[in-house]
Amino acid sequence: MHEPLVIIPGMMADARLFLPQMVRLGADRACQVCIAAQGETVEKMSEAMMAGLPPKFALLGHGLGGDVALDIIRRAPDRVTRVILMATDPLSEPPQIAVERETRMVMARAGRLVDAMAQEIPPSAVADSPWHGEIMALVKDMALGLGEGVFLRQSRAAQRRPDQQKTMRKVRLPALVLAGRQDPLVPLRRQEFTATLMPYGQFTIIEESGHLAPLEQPEAVSDAIEAFLNGPMMLR
C-alpha cells in the first residue's frame, strides 16, 4: 500500500466532490476526507485537522481546501510526502471580492443559502456538458448538507486567508497544480503562478472543465492524480 491520501474539499463541498477519484485510487491507498468546517481562519481550520491526520500522507486540496493544505505543510512539512492543489488561489482575497463575499454571507444568514451558493459557484463556473445539471444539483445538495454555519465559517476564512507565497517557496516536495481550462473563479494564470512558486511544482491543465474538474472530467483528473502519486519522489 502507498501512503494515505488526505483530501480537503473546497467551499461547501464534501467527499462527493472527489468520489470518482476515491473509487479509482482507493484500491491502492487509503483516502481520508477532511472537511474544513471548524474555525474561521485557514490557520484554525488546519489546526483542527492536525490531530486526526496520519503520520505520513499525500495531500490534495481544492479551493479553500488548497489553502488549508498549504497551511498544513507550513505546520508539518516533514509529514507530507507530496501535494496536489486544484482551483487554489495562494494570494489573500482582494477587498472587492471580500465585500462581495460579505453580501453572500448576509444572504445565508437570512436563510437564503441556496441563493448564496448560486453566486458562490454559479452555473458558468462549470463547463458545458451533458452532466452540467447533475453537477450543479450536487453542488446545491452538498451545500445544504453542510449548512449555513459551515458556509459562514468558510466564507470568513476565505476573506481572511493569508498570502501563502512564502510557504510555497519553501514547499520542497513534489507538487502538482491541476487547473480546469475554463475555470472563471481561479484563472489559469493564477494557478500556473502557484505552480511556478513551488520549487518542484508541475502544472497540468484539465481540458473541457471549469472550477469543479474532479466531477466535470473525472477520468482525466484521476489519470493525472494517479500518475503523480505513483511518480518518483524528489529530494528536498
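The values are calculated or read from the model by the stated rules, or taken from the named source; none is laboratory data. Fair warning: this is a prediction, and the values are worked out from it, not measured in the lab. Backbone-built Cβ (ideal geometry, glycine too); neighbour counts: all protein chains shown. Each accessible area value is taken on the protein alone, full model and side chains, heavy atoms only, with ligands, DNA and RNA left out. Shrake-Rupley method; radii C 1.70, N 1.55, O 1.52, S 1.80 Å.
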Test A69 against the criterion of being closer than 22 Å to Q159 by Cα and part of a helix (DSSP H, G or I), and give yes or no. yes
Considering residues of the stretch 39-52 that are farther than 26 Å from E216 by Cβ and in contact with a Lys or Arg (Cβ under 7 Å, 6 or more places away or on another chain) only, the residue surrounded by the fewest Cβ atoms within 10 Å (Cβ to Cβ): M50
Only one of (1) in contact with a strand residue (DSSP E or B) (Cβ under 9 Å, 6 or more places away or on another chain); (2) within 19 Å of M117 (Cα to Cα) fails for Q159. Which number is that? (1)
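Give E134, E120 a once-over and let me know the one that is open to solvent by 70 Å² or more (accessible area, probe 1.4 Å) and acidic (D, E). Talk me through it step by step, then tell me what you get.
Working: E120 fails: open to solvent by 70 Å² or more (accessible area, probe 1.4 Å).
From the options E134, E120, the qualifying one is E134.
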Tell me whether the stretch 165-178 contains one or more residues that are over 22 Å from V42 (Cα atoms) and β-branched (V, I, T). no
Leading residue by the ranking (surrounded by the most Cβ atoms within 10 Å (Cβ to Cβ)) among those in the stretch 8-20 that are assigned to a helix (DSSP H, G or I) and not small (G, A, S): F18
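Quick one: count up the residues across the stretch 72-92 that are in a loop (DSSP other than H, G, I, E, B) and open to solvent by less than 20 Å² (accessible area, probe 1.4 Å). Can you show your working first?
Quick first cut of the stretch 72-92, residues in a loop (DSSP other than H, G, I, E, B) only: 76-79, 87-92.
Cutting the leftovers down to open to solvent by less than 20 Å² (accessible area, probe 1.4 Å) gives us 76, 87-88, 90.
Final tally of qualifying residues: 4.
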Condition first: of a type outside the set (D, E) and under 14 Å from E3 (Cβ atoms). Now tell me which residues in the stretch 77-92 satisfy that. R79, V80, T81, R82, V83, I84
Among A13, A37, A51, A27, which is the only one that is farther than 25 Å from G231 by Cβ and at pLDDT below 95? A51
Some residue of the stretch 21-38 being touching a Phe, Trp or Tyr at 6+ places or on another chain (Cβ under 8 Å), touching a residue at least 60 places away in the same chain (Cβ under 8 Å), hydrophobic (A, V, I, L, M, F, W, C) and open to solvent by less than 10 Å² (accessible area, probe 1.4 Å): no
So, S124, is that one among the polar types (S, T, N, Q) and under 16 Å from the mean Cα position of the chain (by Cα) or not? no
Just to be sure before I move on: is E148 under 28 Å from D115 (Cβ atoms), open to solvent by 60 Å² or more (accessible area, probe 1.4 Å) and free of Cβ contacts under 8 Å to residues at least 12 places away in the same chain in the structure I sent? no
Could you check the stretch 157-191 and list, in sequence order, the residues that are farther than 17 Å from L60 by Cβ, charged (D, E, K, R) and touching a Gly at 6+ places or on another chain (Cβ under 9 Å)? R181
